[in-house]
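Note sheet for the following structure.
The values are calculated or read from the model by the stated rules, or taken from the named source; none is laboratory data. Worth saying up front: this structure is predicted, and the values here are computed from it rather than measured. Because the Cβ atoms are built from the backbone with ideal geometry, glycine has one as well, and the counts that use them run over all protein chains shown.
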Amino acid sequence: MMIIDGKKEAKLLREEIKKEILKIKKSKNKVPGLTVILIGNYTPSQIYVKNKEKNSKEVGMNSDVIKYSDDVSEKEILKKIKELNNDQNVSGILVQLPLPKQIDKEKIINSIHPSKDVDGFNPVNVGNLSSGYQGLVPCTPMGCLMLIKKVEKNLSGKHAVIIGRSNLNGKPMAQLLLKENCTVTIVHSKTKNLQQECLKADILVAAVGVPNLVKKDWVKKDAIVIDVGINKLNDKIVGDVEFDQVKDIAKAITPVPGGVGPMTIACLLKNTLECFKASQT
């Protein structure tokens, strides 16, 4: 059994990005720039944005965080996004979710220009991914696929089961695995015989936000298990998979914390770099 070290893999990816940015800086005297919009004082968002800022600077990118209070108007945020869309020094724009109730998430996501949409949430990028075209891919599913491919390079013909159908994780994960020629099943809260479906998986991705949902008897022997969940349970951070049970049966498994999380931020930097490169052609 292999515990997939997300911290180590994310560090390797950041090092690759750093090298490429150094080359760009030498040849063009420019570097990519990531701008994050943070609204309100929600603690997990603040921690996440702080990590993004730290990692951006470490790889040599320009990083800017624009903060607003909880009561900011939607109009003001849309105006700022329009300004950033037109700013040549900004390669990528990210609006940290969740948003306060007066702000329409859909409107905000749609207003970010697809070429600067580092989260890969704009409908243009979603459409590109589902059509198999070139586009920006959401960071967490991209990171998950990279971790899966560290265990098994050729995924063709594998049966992948994804627990969760969100636009952020479940749906894009399915598209990426289809592209790898997997047979893909998405299961969710309305699925009958959830356990039986999961037992068919060669690759099981849990992205549903239910602490320790996946037990040992849900997992086929030698399956690759990717745990996207980050849940608080009795003051501990746990995933959607009962790690201590499942690790004995899986071929490879990601821990929580230290699995998918670090890869998400590293893939955000990768997307920002890709946005910059596309803007230079």
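Here are the numbers for this structure:
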{"item": "In the range 257-281, residue nearest to Ile4 (Cα to Cα) [restricted to those that are assigned to a loop (DSSP other than H, G, I, E, B) and touching a residue at least 24 places away in the same chain (Cβ under 8 Å)]", "result": "Gly259"}
{"item": "Condition met for Val161 (farther than 29 Å from Ser279 by Cα and either of a type in the set (Val, Ile, Thr) or in contact (Cβ under 8 Å) with a residue 60 or more places away in the chain (or both))", "result": "yes"}
{"item": "The range 125-165, subset in a loop (DSSP other than H, G, I, E, B) and touching a Gly at 6+ places or on another chain (Cβ under 9 Å), residue farthest from Glu106 (Cα to Cα)", "result": "Tyr133"}
{"item": "Matching entry among Lys277, Lys270 (being within 19 Å of the chain's Cα centre (by Cα) and not assigned by TED's automatic domain parsing to the domain that holds Gln195)", "result": "Lys270"}
{"item": "Cβ-Cβ under 6 Å pairs, at least 6 apart or on other chains, the range 95-118 side within 12 Å of Leu78 (Cα to Cα), far side among the hydrophobic types (A, V, I, L, M, F, W, C) and outside any helix (DSSP H, G or I)", "result": "Val95/Ile37; Lys105/Leu99; Ile108/Val95; Ile109/Phe121; Ile112/Ile93"}
{"item": "Selection from the range 214-255 of residues that are buried (at least 17 other Cβ atoms within 10 Å of the Cβ), among the basic types (Lys, Arg) and within 13 Å of Gln195 (Cβ to Cβ)", "result": "Lys220"}
{"item": "Pair list, Cβ under 8 Å, 6 or more apart: the range 24-41 residue under 12 Å from Asp64 (Cβ atoms) and assigned by TED's automatic domain parsing to the domain that holds Ser73, other residue of a type in the set (Asp, Glu) and in a helix (DSSP H, G or I)", "result": "Val36/Glu53"}
{"item": "Looking only at the range 232-256, and only at residues there that are without any contact (Cβ under 8 Å) to a residue 24 or more places away in the chain and in a strand (DSSP E or B), the one that is farthest from Gly209 (Cα to Cα)", "result": "Lys236"}
